[in-house]
Amino acid sequence: MVWKGRIECILICTHMIENGKRIVIVGGVAGGASCAARARRLCEKCTIEIFEKSPFVSFANCGLPYYVGNVITEEKNLLVATPQRFHDYFNIKVHTEHEVTAIDPAAREIEVCDLKTGVRRSEPYDALVMATGANAIRPPLPGIDLPGVRILRTIPDSRRMRAAVEKAGSAVVVGGGFIGLEMAENLVRRNISVTIIEAAPQVMTPLDPEMAIRVAQQLKENGVEVRVNCAVESFAESKGGGLEVHVSTGESLRADLAVLAIGVKPAAELAVTAGIDTGSSGGIHVDDSMRTSDPNIWAVGDVVETTDIVTGTRRPLALAGPANRQGRVAAATIMRSFYPETCERRSGIRFRGVQATSVCGVFGMTVAMTGANERALQHAGIEDFERVYLHPGHHVGYYPGARPIHLKLIYSTTDGRILGAQAVGEAGVERRIDVIAMAMQMGGTVFDLEEAELCYAPQFGAAKDPVNLAGMIAANTLRGDFSPAAWEELNSSNAVVLDVRSPEEFRDGHIPGSVNIPLPDLRGRIDELSPAESEEWKHREVWLTCGVGQRAYYATRLLMQNGYNVKVLSGGMMTYETLVAARSQSAAP
């Protein structure tokens, strides 16, 4: 058997030597570079070449804001791999500062322009991989091409930004998403006064509003001015130097620097002119092997449209993790197309889709999420979902330094399947979202979360980890142990709101119109709630609240077993306060 295996290996290698193929990759960074390296590991004799428009083939663009902020002090630390390393390690030829200007699918050729010399030439391919990435959105606003208006996508962009920062005392960041928030933090680190302008009603739109408000509060506490429901209408040069940023509220904001962080769109122009199918978002349409509508062309990374595993919708997703995995899938399926008889083991390799697991740091706060938010579910027509809120410590309270994690879990009321999770806090946040993300990938439910066996020691977690607690709360609703009340119906419901906190807590702030009976007194005062004694409560639901939801749950079980129709306001007053703040921010002009 050993000799048979060796003979088969020799035959495979001989076959590849005699039938060497040419793989051409347009673009590097995450998707293209990972595809090239994986392809070489699978096939030693294929010719592999990368054509990259910029001077850098593989760099950490997620690190660019931190280079501007001087957290990363050396540009060389941003370089993941150089052309020389690709040559030495993988025998891959990298052509930097070479722009692919056209594709001829019928001839299987690309047209390339050497940007240093201007010389154009044609290059053949057996398989072409498009990893052209995404372009920063630059809306056609008056003054948007002024020197003080900048974007951050490449290392040359970061060089220009660092030079501008040296002379700046104030900046406007247009856009409150991941890059916008990271830029705001790093500009403040460089002693620059920052204003964030966001056209949406909130920053960090992948979060639901009651979670995003905590991010806005963190920004404000660190000196960043946040303006939501506010759009930039034009830029102009200021008489005293710098810029005038004119916004939809009628105001004009002066700044030395404006950073565009509105978002990105797939750089799919090359594909469109070649007749390759694109989706409604403008991203290249690919199947689960990353193959395009042309059988000899693949596409990976920010330029493609992929399937959201929760909602089933197709969209681009500009994240490095999925781009790397797509590059690996493309390499494997290209080899399978070249050598089907020798690559049977790779027949099951597929890109499963995305769930948008992501994380962002904001002045010491960690913001993480996975799966769908409520807006995405509603947009996809998914209505059978519920959510729970909880605010546990990131480790046990008796061990010094516990910090709260504000966690929202969204799940299917049909089968308990996890649909999404969002969390913010100072510590332990990304670990919990990673656990939930993996459970989602495996098709997990809230019942799996409550049974999850996770690490525990006092300084790391709790015997009931926040992940377990989220699963327990959600599972309890599905089992009928309690029913969640709808926060959005609080003002329209005729339910009696019962607050079971202490009188001191109640006096410090409570839901208007709520009644206070502390949990320790409830059994002795239950007659006050008796339908026989109180007409007011006879035909009304009782909605329970407390600080974070735990005491309300205890009271719910007590009252349910005494015949009362009760529901819990999930997450208690801590959730209520963020909902009120989010509603107030959304209504602000």
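What follows is calculated from the coordinates using simple rules that are stated; it is not laboratory data. Worth saying up front: this structure is predicted, and the values here are computed from it rather than measured. Virtual Cβ from ideal backbone geometry, glycine too; neighbours counted across all protein chains shown.
For the reader, a short list of remarks on this structure follows.
- Compared with the dominant Cα axis of the chain, that is its longest principal axis, helix 155-166 is turned about 60°.
- Under the Karplus curve 6.51 cos²θ - 1.76 cosθ + 1.60, θ = phi - 60°, whole-Hz ³J(HN,Hα) for the range 501-513, x wherever Gly or Pro sits: 7, 6, x, 5, 5, 4, 5, 6, x, 7, 5, x, x
- Unit charges at the beta carbon, dipole of the chain: most positive-side option, Ser34, Val362, Asn476: Ser34
- Taking the C-alpha atoms of the range 364-479, convex hull volume expressed per residue in Å³: 88
- Ordering of 267-277, 50-60 by burial proxy (mean other Cβ atoms within 10 Å per residue, highest first): 50-60, 267-277
- The range 487-569: relative contact order as a whole-number percent, Cα under 8 Å and 6+ apart: 31
- For the range 42-165, the relative contact order works out to 25 percent when only alpha carbon pairs closer than 8 Å and six or more residues apart are counted.
- In terms of packing, defined here as the mean over residues of other Cβ atoms within 10 angstrom, the peptides 72-79, 317-324, 196-203 line up highest first as 196-203, 317-324, 72-79.
- Note that the range 361-377 has calculated 3J(HN,Hα) couplings of x, 9, 6, x, 8, 9, 10, 9, 7, 8, x, 8, 8, 5, 4, 5, 5 Hz, one per residue in order, obtained from phi through the Karplus relation 6.51 cos²θ - 1.76 cosθ + 1.60 (θ = phi - 60°); glycine and proline are x.
- Computed over the Cα atoms of the range 487-569, pair by distinct pair, the Kirkwood hydrodynamic radius stands at 12.8 angstrom.
- Folded to 0 to 90 degrees: helix 178-189 orientation relative to the chain principal axis, Cα: 80
- Charges were assigned to the Cβ only: +1 to each Lys and Arg, -1 to each Asp and Glu. The resulting dipole of the range 487-569 about its Cα centre is roughly 280 debye.
- The chain, relative contact order in percent, only Cα pairs under 8 angstrom and at least six apart counted: 11
- Pairs beyond 19 Å (Cα-Cα), from Lys21/Lys93; Lys45/Lys116; Lys53/Lys265; Lys21/Lys53; Lys76/Lys265; Lys21/Lys45: Lys45/Lys116; Lys21/Lys53; Lys76/Lys265
- A simple rule links phi to the HN-Hα coupling: the Karplus curve 6.51 cos²θ - 1.76 cosθ + 1.60 with θ = phi - 60°, which for the range 303-313 gives 7, 9, 9, 10, 8, 6, 6, 8, 8, x, 7 Hz, with x for Gly and Pro.
- Using only the C-alpha atoms, the convex hull of the range 149-262 corresponds to 94 Å³ per residue.
- For Gly143, the residues whose modelled amide H falls within less than 5 Å of its own, excluding neighbours fewer than 5 places apart on the same chain, are Phe235.
- Its Kirkwood hydrodynamic radius, worked out from the mean inverse distance over all distinct Cα pairs, puts the range 78-151 at 15.6 Å.
- Helix 209-221 and the longest principal axis of the Cα set of the chain meet at an angle near 80°.
- Whole-Å semi-axes of the chain's equivalent ellipsoid (Cα gyration tensor): 50, 32, 20
- Basic side chains Lys and Arg get +1 at the Cβ, acidic Asp and Glu get -1 at the Cβ, and with that the dipole of the range 149-262 about its Cα centre reaches some 480 debye.
- Each Lys and Arg contributes +1 and each Asp and Glu -1, all at the Cβ; summed about the Cα centre of the chain, the dipole is approximately 1600 debye.
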